[in-house]
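Peer 1: Take a look at this one; I'll ask things after.
The values are calculated or read from the model by the stated rules, or taken from the named source; none is laboratory data. The structure displayed is predicted, hence computed values, not measured ones. Glycine also receives a Cβ, built like all others from the backbone with ideal geometry; neighbour counts cover every protein chain displayed. What goes into the accessible areas is simple: the full protein's heavy atoms, side chains included, and nothing from ligands, DNA or RNA. Shrake-Rupley method; radii C 1.70, N 1.55, O 1.52, S 1.80 Å.
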Amino acid sequence: MGSTRCGLPALSELSRLDVDTVVIGGGAMGSATARALALKGVDVLLLERFEPGHKNGASHGASRNFNVSYADPTYVAMLREALPLWRGLEGETGLPVLELTGIANHGNNPDFPLIHEALSAAGIPSEALSVAEAERRWPGIRFDTTVLYTPEAGRLNADAAVAALQASAVTHGAQVRHGARVLSVRVLGDDRVSVLIETPTGEETIVARRAVVTVGAWTQKLLGDVLELPSLVVTQEQPAHFAVRDPDIVWPGFNHAPDPTSADYDWWYTGIYGMFTPGEGVKAGWHGSGPLTDPDARTWLPEPAQLAALQRYAREWLPGTDPDDFVPISCTYTTTADSNFVLDRVGPVVVGAGFSGHGFKFTPTVGRILADLVDDSAPAPALFGLRSRR
Ligand SMILES: Cc1cc2nc3c(=O)[nH]c(=O)nc-3n(C[C@H](O)[C@H](O)[C@H](O)COP(=O)(O)OP(=O)(O)OC[C@H]3O[C@@H](n4cnc5c(N)ncnc54)[C@H](O)[C@@H]3O)c2cc1C
């Protein structure tokens, strides 16, 4: 293993360099970072513990909202950067990943005016629609408040996006290894880090100048002894796909905020998000209300009371669906206290974590930010720094 008896790295390890940058975790964020590094000409190796297309993390499935309804200028700027990057990926790979279906935001969200203002300032269109107009356009959804409609929003195909990012990374020179579980990360110096990998044939150590750690729900387990991390709460989330009654009606994406002043919403767990997933139905889910979970000991079973409440939501607010004909989904959120991401570098380790159930839309921008942290070409937005969390 090359370390001295007292645990200090051996000279041979310090002088060795197997690859410039190793990216650990081949979900959305690691795949986007490996691609961004390869596009910069960096010698990069992406390590993923499971097989392509696995469903064990947070980046699987055929649908994610590319929701643009943010009031925070940092996120709005990241969205503005993400749209052309998604289109660029599609153009390069020929794989469609983003469809602009529009998103209907409704319910009692006091931020709607701020969101409209922030989007207008950024040149992203949004408009108010009456209940009658919204129900004329989307008869599958019930509305009882004015709708903030964002036409340049839509649906991302998560599986296709991850596959396209990895394919493009390889095209630009990256190595991608599946079935390679990283057991530990060890800092050897300012510009040296070694990762110990469990492979089908035993163990292997790789020494690199930088390690990017984007392991989602496993971040605390892999990095907890290496970096001082903010609280990262891992939950098992359980949206579901509901069958549609009429295959010909049009569906936007949707976000529905409860009215905290009304007892009518007492049974709601959180706000609702959703979209139509071709071939699977209408997806709807509570946001971040799932039970705490260990990503290596998941139940994969929906919590019954939350599922019943989700069916009730479909029954009362999604008349275009059959609330009794559904398929549950299981997925993990890794949530920070303020739902802001963690994007930072400490010595040779770059971390991307805490995407708090809303990271997918920003994936190519997060990849660019983490790649820039690798070669110090640009800092991450201050909102995401580790230091601001301590
Ligand atoms: C139900 C659900 C709905 C969502 N809806 C939306 C939405 O509508 N819009 C939106 O923008 N976002 C949404 N999100 C959030 C979004 O999907 C996540 O923010 C994003 O997928 C996080 O990507 P990641 O790469 O950080 O995590 P992951 O995809 O979990 O990737 C981490 C990877 O690391 C690998 N790994 C872990 N440990 C190791 C190890 N030791 N060695 C090697 N590899 C390792 C794992 O196998 C995994 O592939 C949703 C998430 C969920 C769960």
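Peer 1: Out of Asp264, Asp259, Asp246, Asp225, which single residue is without any contact (Cβ under 8 Å) to a residue 12 or more places away in the chain, of a type in the set (D, E, K, R) and in the same structural domain as Gly140 (by TED's automatic domain parsing)?
Peer 2: On inspection, the qualifying residue turns out to be Asp264.
One line per residue, one yes/no per condition, for (1) part of a helix (DSSP H, G or I); (2) touching a residue at least 60 places away in the same chain (Cβ under 8 Å); (3) within 20 Å of Leu89 (Cβ to Cβ); (4) in the same structural domain as Gly94 (by TED's automatic domain parsing):
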position: Ala164; (1), (2), (3), (4): yes, yes, yes, no
position: Ala169; (1), (2), (3), (4): yes, yes, yes, no
position: Arg177; (1), (2), (3), (4): no, yes, no, no
position: Val182; (1), (2), (3), (4): no, yes, no, no
position: Val193; (1), (2), (3), (4): no, yes, no, no
position: Trp218; (1), (2), (3), (4): yes, yes, no, no
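Peer 1: State yes or no: is Leu83 more than 14 Å from the ligand (Cβ to nearest atom) and either open to solvent by 60 Å² or more (accessible area, probe 1.4 Å) or not in a strand (DSSP E or B) (or both)?
Peer 2: no
Listed here are the residues, each with its yes/no results for (1) closer than 30 Å to Leu129 by Cβ; (2) of a type in the set (D, E, K, R).
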{"residue": "Arg192", "(1), (2)": "no, yes"}
{"residue": "Val244", "(1), (2)": "yes, no"}
{"residue": "Pro252", "(1), (2)": "yes, no"}
{"residue": "His256", "(1), (2)": "yes, no"}
{"residue": "Asp259", "(1), (2)": "yes, yes"}
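Peer 1: Also, quick follow-up: Take Gly357 and decide whether it is outside any strand (DSSP E or B), modelled with pLDDT of 95 or more and open to solvent by less than 10 Å² (accessible area, probe 1.4 Å).
Peer 2: In short, no.
Peer 1: Another one. Would you please name the residue that is farthest from the ligand (Cβ to nearest atom), looking only at residues in the range 299-316 that are of a type outside the set (A, V, I, L, M) and touching an Asp or Glu at 6+ places or on another chain (Cβ under 9 Å)?
Peer 2: Once the filter is applied, the top-ranked residue is Arg315.
Peer 1: Can you tell me which of Gly88, Gly102 is surrounded by fewer than 17 Cβ atoms within 10 Å (Cβ to Cβ), in the same structural domain as Arg315 (by TED's automatic domain parsing) and closer than 28 Å to Gly367 by Cα?
Peer 2: Gly88
Peer 1: Further question on the same structure: Condition first: more than 16 Å from the ligand (Cβ to nearest atom), open to solvent by less than 20 Å² (accessible area, probe 1.4 Å) and at pLDDT 95 or above. Now tell me which residues in the range 2-58 satisfy that.
Peer 2: Ala38
Peer 1: Let me ask you something else. Can you tell me how many residues within the range 235-259 are in a strand (DSSP E or B) and either among the hydrophobic types (A, V, I, L, M, F, W, C) or under 14 Å from His106 (Cα atoms) (or both)?
Peer 2: Selection size over the range 235-259: 9.
Peer 1: Report whether or not Asp372 is touching a Phe, Trp or Tyr at 6+ places or on another chain (Cβ under 9 Å) and either open to solvent by 60 Å² or more (accessible area, probe 1.4 Å) or away from the ligand (no atom under 16 Å from the Cβ) (or both).
Peer 2: no
Peer 1: Anything in the range 157-187 that is surrounded by fewer than 22 Cβ atoms within 10 Å (Cβ to Cβ), closer than 30 Å to Ala104 by Cβ and either among the hydrophobic types (A, V, I, L, M, F, W, C) or touching a helix residue (DSSP H, G or I) at 6+ places or on another chain (Cβ under 8 Å) (or both)? List them, or say none.
Peer 2: Once the filter is applied, which keeps residues that are surrounded by fewer than 22 Cβ atoms within 10 Å (Cβ to Cβ), closer than 30 Å to Ala104 by Cβ and either among the hydrophobic types (A, V, I, L, M, F, W, C) or touching a helix residue (DSSP H, G or I) at 6+ places or on another chain (Cβ under 8 Å) (or both), the range 157-187 yields Ala158, Ala160, Ala163.
Peer 1: Of the residues Asp338, Asp324, which is free of Cβ contacts under 8 Å to residues at least 24 places away in the same chain and under 16 Å from the mean Cα position of the chain (by Cα)?
Peer 2: Sole residue among the options that is free of Cβ contacts under 8 Å to residues at least 24 places away in the same chain and under 16 Å from the mean Cα position of the chain (by Cα): Asp338.
Peer 1: Sticking with this one: Scan the range 85-114 residue by residue and report those that are more than 23 Å from Ala167 (Cα to Cα) and β-branched (Val, Ile, Thr).
Peer 2: Correct list: Thr101, Ile103.
Peer 1: Of the numbered conditions (1) in contact with a helix residue (DSSP H, G or I) (Cβ under 9 Å, 6 or more places away or on another chain); (2) outside the structural domain of Ala32 (by TED's automatic domain parsing); (3) surrounded by fewer than 20 Cβ atoms within 10 Å (Cβ to Cβ), Trp300 satisfies every one except a single condition; which is it?
Peer 2: Result: Trp300 passes all but (1).
Peer 1: For the range 260-287, which positions are part of a loop (DSSP other than H, G, I, E, B) and open to solvent by 40 Å² or more (accessible area, probe 1.4 Å)?
Peer 2: Within the range 260-287, Pro260, Thr261, Asp266, Trp267, Tyr269, Pro278, Gly279, Glu280, His287 qualify.
Peer 1: Report yes if some residue within the range 65-73 is farther than 15 Å from Leu165 by Cα and away from the ligand (no atom under 15 Å from the Cβ); otherwise report no.
Peer 2: Taking every residue of the range 65-73 in turn, at least one turns out to be farther than 15 Å from Leu165 by Cα and away from the ligand (no atom under 15 Å from the Cβ).
Peer 1: Whether any residue in the range 226-239 is over 23 Å from Leu188 (Cα atoms) and modelled with pLDDT under 95 is what I want to check.
Peer 2: Within the range 226-239 (the criterion being over 23 Å from Leu188 (Cα atoms) and modelled with pLDDT under 95), the answer is no, since none of the residues qualifies.
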